[in-house]
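Step one of this worksheet: look at the structure below.
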Amino acid sequence: MASDACPCGSGEPYSGCCGLYHDGLPAPTALALMRSRYAAFVKGAIDYLIETHDVSTRASVDRAGLAVFCRDTGWLGLEIVDTVRGGETDDDGIVEFIARGVTGGKPFAQRERSRFRRVDGKWFYVDGTFKR
């Protein structure tokens, strides 16, 4: 992957992909938000991760723990498994993905089915269930 390629795996340059959302442009779909959140984990964009967490679950986010996790993880890639709704005219959506990385020398593959909702034209991550 080229050094300027977006970590989300889109094949686009970061500045024309998730970088746009990290700089303040609202993600147009649940999938775009999910990809941008993965890229934020890779880049250590903690404020973005918290700001895109739904207000109903935002208080449960451990900022310090999140920062350590981002810093100590080597990210290896993102695979989108499924999407349900979450389009530009929907108010909710689901994105199932597998995020791969290495933390503490141990490789992992986190498979999660995440729920998203759109409020006032902006998408937010609500929560997710982990799958084996």
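The values are calculated or read from the model by the stated rules, or taken from the named source; none is laboratory data. Just so we're clear, the structure is a prediction, and the values are computed from it rather than from any experiment. Cβ: placed from backbone, ideal geometry, glycine included. Neighbour counts: every protein chain shown.
On the given criteria, is residue 39 touching a helix residue (DSSP H, G or I) at 6+ places or on another chain (Cβ under 8 Å), free of Cβ contacts under 8 Å to residues at least 60 places away in the same chain and not polar (S, T, N, Q)?
Yes, satisfied.
Sort out which residues of segment 101-114 are surrounded by fewer than 15 Cβ atoms within 10 Å (Cβ to Cβ), in a strand (DSSP E or B) and out of contact with any helix residue (DSSP H, G or I) (no Cβ under 8 Å at 6 or more places or on another chain), and write them in order of number.
Within segment 101-114, 102, 106, 107, 108, 109, 110 meet the criteria.
Considering segment 1-36 alone, what residues qualify as being of a type in the set (S, T, N, Q) and in contact (Cβ under 8 Å) with a residue 40 or more places away in the chain?
Within segment 1-36, 29 is the sole residue that qualifies.
Any residue that is on the phi > 0 side of the Ramachandran plot, modelled with pLDDT of 95 or more and in contact with a helix residue (DSSP H, G or I) (Cβ under 6 Å, 6 or more places away or on another chain) - is there at least one of those in segment 84-92?
yes
Within segment 85-97, can you find the residues that are over 10 Å from residue 116 (Cα atoms) and of a type in the set (A, V, I, L, M, F, W, C)?
97
A quick yes/no check of all residues on (1) in a strand (DSSP E or B); (2) surrounded by 15 or more Cβ atoms within 10 Å (Cβ to Cβ):
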position	(1), (2)
61	no, no
69	no, yes
79	yes, no
87	no, no
93	yes, yes
99	yes, yes
116	yes, yes
123	yes, yes
130	yes, no
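Yes/no per residue for (1) over 20 Å from residue 116 (Cα atoms); (2) basic (Lys, Arg); (3) touching a Cys at 6+ places or on another chain (Cβ under 6 Å):
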{"residue": "4", "(1), (2), (3)": "yes, no, no"}
{"residue": "35", "(1), (2), (3)": "no, yes, yes"}
{"residue": "51", "(1), (2), (3)": "no, no, no"}
{"residue": "73", "(1), (2), (3)": "yes, no, no"}
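Which residues, counting only those in segment 12-42, are more than 9 Å from the chain's Cα centre (by Cα) and in a helix (DSSP H, G or I)?
Matches in segment 12-42: 14, 15, 16, 18, 19, 20, 21, 22, 30, 42.
Within the set of pairs 6 or more residues apart or between chains, which connect a residue that is in contact (Cβ under 8 Å) with a residue 24 or more places away in the chain and among the hydroxyl-bearing types (Ser, Thr, Tyr) inside segment 63-80 to a residue that is surrounded by 12 or more Cβ atoms within 10 Å (Cβ to Cβ) and assigned to a strand (DSSP E or B) with Cβ atoms less than 6 Å apart?
73/101; 73/103
Could you list, in sequence order, the residues of segment 43-59 that are among the charged types (D, E, K, R) and not in a loop (DSSP other than H, G, I, E, B)?
43, 47, 51, 58
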